[in-house]
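S.K.: Can you keep this structure in mind? I'll have questions shortly.
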Amino acid sequence: MHAQSRLCNKLERFAVLKRYLVLISRICILAVAVLVLLAYANVCAYVYLKPSLPNVDTLRDVQLQVPLRVYTRDGRLIASIGEQRRIPVRYDQIPKKLVEAFLAAEDARYFQNHGVDWKGIVRAALADLRAGGVREGGSTITMQVARGVYLSPRRDMKRKLSEIYISLLMEAKYSKEDIFSIYANRTFLGERAYGVGAAAEVYYGKSLDQLSLAEMATIAGLPKAPSDINPVADPKAARIRRAYVLRRMLALGDITRAEYETANASPVATRVHGPTLEVQAPYVAEMVRAALQAKYGDAIYTGGYKVITTIDSRLQTAAGIAVRTGLLEYDRRHGYRGPIGHLRLAAMPQARVLNTALERFPVVGGLRPAVVEDVEPKSAQIFVKDLGAVTLPWAKIAWARPALAGGHVGWAPKTATDVLHRGDVIYTVGTTSQNLQFVQVPQAQSALVAIDPHDGAIAALVGGFDYYQSNFNRATQAERQPGSAFKPFIYSAAFDKGFTPASVILDAPIVLGDGNDAKAWRPKNDANKFYGPTRLRVALVHSRNLVAVRLMRDIGVEYARNYVTRFGFDKAQLPDDLTLALGTADVTPLQLAEAYAPFANGGFRVSPYFIDRVVDAHGKTIFQANPAIACFECGHQALPPADALGPSALVAGAPAATATPTSASASVAAQASSIDTGQSDGKFLIPARNLAPQVIRPQVAYLLADMMKDVIRHGTGVRARVLGRDDVAGKTGTTNDHRDAWFSGFNGDIVATVWVGFDQDRSLGPGEEGGTTAVPIWTYFMHQALAGMPLRNVPLPDGIVTARINPQTGLLASADDPNAIMEKFIEGNLPKPETGDGKSGPNKPIDSDKSLF
């Protein structure tokens, strides 16, 4: 009985086991069928999608939209120009903690998966089924790169499948480091920042290696919603997201508890930082942008172009400081115009409240707004934006005489309360409480441009007090009358007519036109004085107007106009009358600097340029400047007639010139060797296309430079004597009613021109002339530009002789004349001996066409 029961039990168990085996087999068959079906579906999906899948081999060639970046010649960043801000970085430049932060936030198994996180895909698919549409992505970092590089932003199943296939293909082709590098450089992180390098700069004003853990976690949390949770747009949301990233890093063992707590407690709020610029040259940056836009179009803003300019960072910094210092000094001389605004202050205002209240007053040209908190008889307590409380002593307030009409000032203040009141908003300059000064934003403007006379390279350019206050570039766009700074060109023309520094011209009243006509021109000297017979050297040194007018009348207006075009001026811009002698042509500071270059380099015309080369995103040079070089050692070319040398004169067709390098012009020889086409007998060879045209005789250039040295030694430019150098020369210029003040000066290595005036047609005020207003700015600049530099005089040509003359008559002095002085002449054109007829002027007038070599 028991045996029968056991047999029945065994049969039942066998039947159950059989059913289980059948069920398992069916399940296995079903699983296999499902797998086969999935595989078939996968193959079908791949075959269907394959024609539309991109070639992942092109991933390395994907162009990042990198902005145009502008640099000085010595590699300092001037500007980054473009809608997107991006600073490409390599994987090895990304801090390890920043990589870990991104992985914690976006893809913790990034280095373990093969581009697709199947577990995440299933989770996302279930969520999508519950939502009735695509809601979650389940995307790995590789999939995010695939989507960002190759796919459209629309969200559907086809795109998701495409992401998977492209990711698998990418993982087979590229390393994890390569893919992460693309991700780190392409991802949008808010506030126009694309990539981690730009995000570090935009949010914190730092490079990647300077970021703290808290800052890294903040950036790593941004891809989820970059425009909404960044620390500028929503600090609270950014803090929540940062905390999540830090918790994930702690859970993954990337950071310690102490690191977590320190980073989590750090403040979040920040502000948008501009590009980390190393040199302030915004006017140059705009010149570069406009030039490249015209040549390459809108591609410059995203194509990753790099432009290396001719700007020298040291000289550019010196130029900016010189212009601002000179304008602030000018502004102080003409009085205080009052506060720029007024704030109602609480009894005990907090620093945070004051900083916020001062936000609506912009920083201008480095000047920071401040509010007066308290005023004592001989001091004032002020709060300076982003600096804090500072006490202004009486010595820093006493300058503020009230400004009156016409540039005049009122009585000097006796107490601080005569100037300042509680709540007044004023401007200050300085970085510490010790060097802080009370100033105001100047209403006048200035421009400074410096060029290399050897090839015309612009070494420094400042177009105004503050580009962001006014982007009008006065160095290149402001056409103003140069006044007496134009006289050296007239003198040069006269010297090619046979006149000499010793020629005597009458300095006396002159009426041009009908003397009874009210419209007749009656030029006069600045001081309205007349000095009688005057040697040309003295007349130029002291800027005698009547001598210049008579001199131009003697050589002829048409001859003078034709001759002056040699310096680069367009004849159409030159008045067809004797007013040209006093500088009534409208010129820009850059034009005047260009025109002075022949006096500095021995008579050669060089053309200003500011772009040295342009490099594309691949590092290929697509443009390289090839300027003509002023080579004094290369011999002298025959000059065309005066009326044939306009602004576009070239030396086309001239043979190559040779010269033996000498220590007297090492810099020119160095430049010449840089375009060397071969060596022959110890001489360097410069192709004709690289040889600057000779536009005036080197002897004429030398004499004018020597006379302009005297302008600084004891003439209208005497304030420049503080440089303590004997190699500098220049000429002042002042226009009617003191509307414009100029100084253009040089030595053998640099030419610098300064203009000061108002954008509107108004006087600078009494006493404001080239020598008092422009020369100080030029001197501040040249003090830095020439610091540590050897003396570099204008080259001395053959054919210059020195003779003793009578200072009254300009004639050769007798051997026993105790009052005789030394003067320089061009050989063969000395004045008559004192025993002659006593008349001054050219020894023998020379026809203009025959006065050339």
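S.K.: What is region 500-642's relative contact order, in percent, from Cα pairs under 8 angstrom and six or more apart in sequence?
M.R.: Once divided by the residue count of region 500-642, the mean separation gives 16 percent.
S.K.: For region 580-596 and region 240-269, what is the separation of their Cα centres, given in Å?
M.R.: Their Cα centres are 64 Å away from one another.
S.K.: Rounded to whole Hz and in sequence order, give me ³J(HN,Hα) for region 800-808 from the Karplus expression 6.51 cos²θ - 1.76 cosθ + 1.60, θ = phi - 60°, writing x for Gly and Pro.
M.R.: So the Karplus estimates, Gly and Pro as x, are 9, 10, 10, 9, 7, 10, 7, x, 8 Hz.
S.K.: Using +1 on the beta carbon of Lys and Arg, -1 on that of Asp and Glu, and nothing else charged, what's the dipole of region 454-598 about the Cα centre, debye to 20?
M.R.: 520 debye
S.K.: Give a quick list of trypsin sites (Lys or Arg not before Pro) in region 300-408 that DSSP marks as loop, anything other than H, G, I, E or B, with at most 13 other Cβ atoms within 10 Å.
M.R.: Passing sites in region 300-408 are Arg337, Arg344.
S.K.: Just to confirm the filter: which GluC sites (Glu not before Pro) across region 740-833 are DSSP coil and have at most 13 other Cβ within 10 angstrom of their Cβ?
M.R.: Here the sparse-neighbourhood loop sites are Glu827.
S.K.: Please compute the net charge surrounding Leu786, taking Lys and Arg as +1 and Asp and Glu as -1 over other residues with Cβ under 10 Å from its Cβ.
M.R.: It works out to a net charge of 0.
S.K.: Give me the number: length gained by fully extending Glu329 to Ser266, i.e. 0.36 nm times residue separation minus the C-alpha to C-alpha distance, one decimal in nm.
M.R.: Full extension from Glu329 to Ser266 adds 18.3 nm.
S.K.: Of the listed peptides 192-204, 785-797, what is their order by residue-averaged count of other C-beta atoms within 10 Å, with the highest listed first?
M.R.: 192-204, 785-797
S.K.: Okay, next question. For an R0 of 25 angstrom, estimate the FRET efficiency from the Cβ-Cβ distance between Arg257 and Arg109 and round to the nearest 0.05.
M.R.: Efficiency, from the Cβ-Cβ distance: 0.60.
S.K.: On a full-extension model of 0.36 nm per residue, what is the gain between Arg721 and Ile800, subtracting their alpha-carbon distance, rounded to one decimal in nm?
M.R.: That pair, Arg721 and Ile800, stretches by 25.9 nm at full extension.
S.K.: Return the subset of Lys96/Lys236; Lys119/Lys173; Lys529/Lys709; Lys487/Lys524 for which the Cα-Cα distance in this structure is over 20 Å, preserving the input order.
M.R.: Table pairs above 20 Å Cα-Cα are Lys96/Lys236; Lys119/Lys173; Lys529/Lys709.
S.K.: Stretched out fully, how many nm does the piece from Asn435 to Leu512 gain, at 0.36 nm a residue minus the Cα gap?
M.R.: That works out to 22.2 nm of additional length.
S.K.: A further question follows. Counting only Cα, what are the radius of gyration and maximum Cα-Cα distance Dmax of region 489-642, in Å?
M.R.: 19.8, 73
S.K.: Per residue, how many Å² of accessible area does region 727-771 show with a 1.4 Å probe?
M.R.: Result: 25 Å² of accessible area for each residue.
S.K.: If you don't mind, there's one more thing I want to ask. Quick one: Cα centre-to-centre distance for region 275-342 and region 396-456, in angstrom?
M.R.: Centre-to-centre (Cα) distance: 21 Å.
S.K.: Of the listed peptides 441-451, 799-809, what is their order by residue-averaged count of other C-beta atoms within 10 Å, with the highest listed first?
M.R.: Those peptides, ordered most packed to least, come out 441-451, 799-809.
S.K.: Relative contact order (percent) for region 552-592, with alpha-carbon contacts under 8 angstrom and 6 or more residues of separation?
M.R.: Result for region 552-592 is 37 percent.
S.K.: What percent do you get for the relative contact order of region 135-289 when only Cα pairs under 8 Å and 6+ apart count?
M.R.: 18 percent
S.K.: Follow-up. Could you state, as a whole-number percent, how many of the C-alpha pairs of region 360-493 are farther apart than 20 Å?
M.R.: 61 percent
S.K.: Could you list which residues have their amide H under 5 Å from that of Asp374, counting only those 5 or more apart in sequence or on another chain, with H placed in the peptide plane?
M.R.: Here the answer is Gln381, since their amide H atoms fall under 5 Å of that of Asp374.
S.K.: Can you give the alpha-carbon Rg of region 734-834 over 2.2 N^0.38 Å, where N counts its residues?
M.R.: The reported ratio for this selection is 1.56.
The values are calculated or read from the model by the stated rules, or taken from the named source; none is laboratory data. Just so we're clear, the structure is a prediction, and the values are computed from it rather than from any experiment. Cβ sites come from the backbone with ideal geometry, for glycine too, and all protein chains shown count toward neighbours. Protein only, heavy atoms only, side chains kept; ligands, DNA and RNA dropped before computing areas. Shrake-Rupley method; radii C 1.70, N 1.55, O 1.52, S 1.80 Å.
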